[in-house]
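See structure below.
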Amino acid sequence: MRDLAARFGVSGPTLKNACTKFDIPIPPRGHWAKLQARKPVARVVLPARAPGMAEEIHLGDRYYWQRSLTDEELLGPLPDQREFSEDIALVRDRIRKAIGTVKVGRVLTLMHPVIAKLVNQDEARREKQKTATYTFSWEKPVFDTPFEQRRLRLLNALFLAVARCGGRPEVRGNEAREITITVHQTAVFLKLDRPKVTRRGAGQGPHPTGGKSDPLRFAIVEDYQRRSERAAWQDTEDVPLEHTMADTAVEIVAVAELKYREDCVRQFEWRVKRKTEREEEIRQHQIEQERQERECQQRLEQARIDRLLEEAATLRRATDIRAYVHAVRQAAGGEGLNTQAEEVERWARWALAEADRIDPVRSGRFLETHDRSFSPLGSEDGFHQTEYDSDE
């Protein structure tokens, strides 16, 4: 246990608790000492996965649903789709054997811890009401009426029954109407209250005061909003809910197993869908990159053409300057100009130097333009550099 805990990066007690939580048998004390002494040891067979229990154990601070999958994980091979060979009818038989009989007593004797907490909270409200001068409706005891007492006994019997299959109940709300039973790692949402009145004009208030004869309806609902129902039981004249508690407990655990299987299917379908979406996102991104590269190349080609045209115009200006200098020299050598020869020659040298400076052929700038236009950069940087040279 110590060596494996170090390998998984957790403490020994954490690993041991995980094994206990998932019904994984661990070697008893003295197992490894007997093994080293070559004494016979027994290895407990791994039991079948309990209904509602996850097949994978995630140890450590971060669970797999608390982080996003990386592209390497998402684009890699899809995991095998989980198949459940055991028929749900056989699962129900296993659950029924584990739960056994369920009896609802006339009084609360053996109380589930959740029910005991509700009773203690009710007693605290009752004691507070004795000394308070004024009490609000939500501060009054909840389980004083025969109807609520019966409802509490039914919940107590149900909680004790599902606990035999790893069910952990939770009751929330001021009037204990939000009921959830988590069977191992799968939550099942429940509702136990009066049946809804559908007759026109026979609506009832949200919290009517009823007697012991008021009917009750128990339902396994789809989610925490408690709108759609998976299964339901209701009091009848011949069969009250007290006689159906065993079937109800079995169905709660079976629904946990069904929900777990449905979640596995949904996760696999989500993984397939997300992989397809990510592949399409990558494909669209590549298409966009190729489009941008084509546009960039087009801009580079256009910049090269513009540069070529500008250099041709610059060459014409340099040729015009040289022709102009030649004309001035001829005019200075004749009788057309009344200037000194030294001043004319000094001006001519300056003008020819300027012509040579802007001449792309003599300066070799046309080769520089050719090299930069076909540089391996292939990026926006090369384009901006070409534009800068053109402006210069």
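Between D144, D247, D235, the Gaussian network model of the chain with springs among Cα atoms under 10 angstrom shows the greatest mean-square fluctuation at D144. Per-residue Karplus couplings for region 317-323, computed as 6.51 cos²θ - 1.76 cosθ + 1.60 with θ equal to phi - 60°, are listed in order as 5, 5, 5, 5, 5, 5, 5 Hz, Gly and Pro entered as x. The residues packed around D80, meaning those with a beta-carbon under 13 Å from its beta-carbon, carry a net charge of -1 if Lys and Arg are +1 and Asp and Glu are -1.
Checked against a 31 Å cut-off, the cross-linked pairs K21/K191; K21/K128; K97/K117 give Cα-Cα distances beyond that limit for K21/K128. Computed from phi, the 3J(HN,Hα) profile of region 84-94 under the Karplus parametrisation 6.51, -1.76, 1.60 (θ = phi - 60°) reads 10, 6, 6, 5, 5, 5, 5, 5, 4, 4, 4 Hz, with x in place of Gly and Pro.
Between K130, K39, K103, the Gaussian network model of the chain with springs among Cα atoms under 10 angstrom shows the greatest mean-square fluctuation at K39. Could you work out the relative contact order of the chain? I mean the mean sequence separation of Cα pairs under 8 Å and 6+ apart, divided by the number of residues, in percent. Averaging sequence separation for qualifying contacts and normalising by length gives 15 percent for the chain. Using just its DSSP H runs of length 4 or more, each adding -39500 (n - 2.57), the chain gives a mean residue ellipticity at 222 nm of -18000 deg cm²/dmol after division by all residues. When you filter the chymotrypsin sites (Phe, Trp or Tyr not before Pro) in region 35-114 for DSSP loop state and at most 16 other Cβ atoms inside 10 Å of their Cβ, you are left with Y63, F84. Sorting S68, S11 on solvent-accessible area from highest to lowest, probe radius 1.4 Å, gives S68, S11.
Candidate cross-link partners of K39 among the lysines, defined by an alpha-carbon separation under 28 Å and a same-chain spacing of 8 or more, comprise K16.
Inverting the pair-averaged 1/r between distinct Cα atoms of region 1-106 gives 18.1 Å as its Kirkwood hydrodynamic radius. Largest GNM mean-square fluctuation across W32, W270, W138, computed for the chain with C-alpha springs under 10 Å, falls on W32. Suppose the Debye formula is applied to equal point scatterers at every Cα of region 224-303; what is log10 I(q)/I(0) at q = 0.21, 0.23, 0.25 Å⁻¹? Evaluating at q = 0.21, 0.23, 0.25 Å⁻¹ gives log10 I(q)/I(0) of -1.02, -1.08, -1.13. Legend: residues I115, I321, sorted from most to least accessible area (1.4 Å probe; ligands, DNA and RNA excluded), read I321, I115. Given R0 = 35 Å, the distance between the Cβ atoms of R217 and H31 translates into a calculated FRET efficiency of 0.10. Under 1.5 on a/c is rounded, so check that first for region 57-174, then, if it is not, pick prolate when a/b is larger than b/c and oblate when it is not; a ≥ b ≥ c are the square roots of the alpha carbon gyration tensor eigenvalues. Since a/c reaches 1.5 but b/c is at least a/b, the shape of region 57-174 is classed as oblate. Couplings for region 156-167, taken from phi via the Karplus curve 6.51 cos²θ - 1.76 cosθ + 1.60 with θ = phi - 60°, read 4, 4, 5, 5, 5, 6, 6, 5, 5, 10, x, x Hz in order; Gly and Pro are left as x. Rounded to the nearest 0.05, what FRET efficiency do R283 and R168 give with R0 = 51 Å and r taken as the Cβ-Cβ distance? Could you check? According to the calculation, E is roughly 0.65. Assuming R0 = 22 Å, what is the FRET efficiency of E72 and D263, from their Cβ-Cβ distance, to the nearest 0.05? Here the calculated transfer efficiency is 0.35. Among the GluC sites (Glu not before Pro) found in region 1-77, those both in a DSSP coil and sparsely packed, with 12 or fewer other Cβ atoms within 10 Å of their Cβ, are E55, E56.
Check E178: other-chain or 5+ apart residues with amide H under 5 Å from its amide H, H built from backbone geometry? Amide H neighbours of E178, under 5 Å, 5+ apart: R172. Enumerate by residue number the chymotrypsin sites (Phe, Trp or Tyr not before Pro) in region 210-262 meeting two conditions: DSSP loop (anything except H, G, I, E, B), and at most 11 other Cβ atoms within 10 Å of the site's Cβ. Loop-located and lightly packed - Y224. The slack between Q340 and K117, meaning 0.36 nm per residue of separation minus the straight C-alpha distance, is 68.3 nm. Here's the list of lysines a cross-link from K273 could span, going by alpha-carbon distance under 24 Å and ignoring same-chain residues fewer than 8 apart: K259. Would you work out if region 64-131 is rounded, prolate or oblate? Take a ≥ b ≥ c from the square roots of the eigenvalues of the alpha-carbon gyration tensor; rounded if a/c is under 1.5, else prolate when a/b is larger than b/c, oblate otherwise. The shape class here is oblate. The mean of 1/r over all pairs of different alpha-carbon atoms in the chain, once inverted, gives a Kirkwood hydrodynamic radius of 30.4 Å.
The values are calculated or read from the model by the stated rules, or taken from the named source; none is laboratory data. What you are looking at is a predicted structure, and each value in this text was computed from that prediction instead of being measured. Because the Cβ atoms are built from the backbone with ideal geometry, glycine has one as well, and the counts that use them run over all protein chains shown. In case anyone asks, the SASA skips ligands and DNA or RNA and just uses the protein heavy atoms, side chains included. Shrake-Rupley method; radii C 1.70, N 1.55, O 1.52, S 1.80 Å.
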